[in-house]
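Some notes on the structure that comes next.
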Amino acid sequence: MMSNRKRETSKKEPRILVIHGPNLNLLGKREPKVYGKTSLSKINQLIEKEADRLGIQVTIAQSNHEGELVDLIGSAKGSYHGILINPAAYTHTSVALRDALAACGVPAVEVHLSNIYAREEFRQHSLTAPACVGQVSGFGEASYILGLQGLFRALKKR
Ligand code: CA2
């Protein structure tokens, strides 16, 4: 089951699907030194505020389950113009998420709170980033805002 219900801002275009991967629901409760003190709910508020500023409609979802994330990405085709995704730990392990991102054909931007390239070796490789138009890593919650702005620019150029 998805741990968060989907949150949606008012109807406008472009429509962006924001996907948070496993354990991001724990933000603000544990590991503040690595991931900061900001909760996922607060990050979602910041994303919605920036989306309003840019005139973007966002739908936000979180799941701890790989198959559900695959289904969410698959559901984006025909319904959303872009995907903003933090695949969390699946970044480093999931061929299924990479294939889903490549197959759906919806432009995606990958974001990370921490700088994955300055962390343990196993986090320094992203399987999912090559299926995205770009990646933002290391700016805390601002990674989502910068990623949304980058995605918005990429969509305008299409
Ligand atoms: O830096 C990021 O955004 C990550 O995607 C976060 C993932 C990690 O596996 C990636 O390597 C980098 C972890 C998300 C889980 O966040 C937690 C938050 C609080 C307590 C425990 C985990």
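Where a number appears in this text, it was derived from the coordinates with a stated rule and is not lab data. Remember, it's a predicted structure, so these values are computed and weren't measured experimentally. With ideal geometry, Cβ positions are generated from the backbone for all residues, glycine too; neighbour counts draw on all protein chains shown.
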- Item | Proxy reagent accessibility, fewest Cβ within 10 Å first, across Ile16, Ile116, Ile56 | Ile116, Ile56, Ile16
- Mean separation of Cα contacts under 8 Å (at least 6 apart) over the residue count of the chain, i.e. the relative contact order in percent, is 25 percent
- Note on the structure: At q = 0.25 1/Å the base-10 log of I(q)/I(0) from the Debye formula over the alpha-carbon atoms of the stretch 49-115 is -1.23
- Over its Cα atoms, what ratio of radius of gyration to 2.2 N^0.38 Å does the stretch 12-74 give? 1.23
- Counting each DSSP H run of 4 or more residues in the chain as -39500 (n - 2.57), what helix-only mean residue ellipticity at 222 nm follows after dividing by all residues, to the nearest 500 deg cm²/dmol? -11000 deg cm²/dmol
- Report, for the chain, the % of DSSP beta bridges that are antiparallel, rounded to 5. 15 percent
- Give, to the nearest whole percent, the P(r) tail of the stretch 101-153 beyond 15 angstrom, counting all Cα pairs. 47 percent
- In a Gaussian network model of the chain with springs linking alpha carbons closer than 10 Å, the residue among Val109, Val58, Val70 that fluctuates most is Val70
- Stokes-Einstein D in µm²/s, Kirkwood radius over Cα pairs - the stretch 31-144 at 10 °C with 1.306 mPa s viscosity: 108 µm²/s
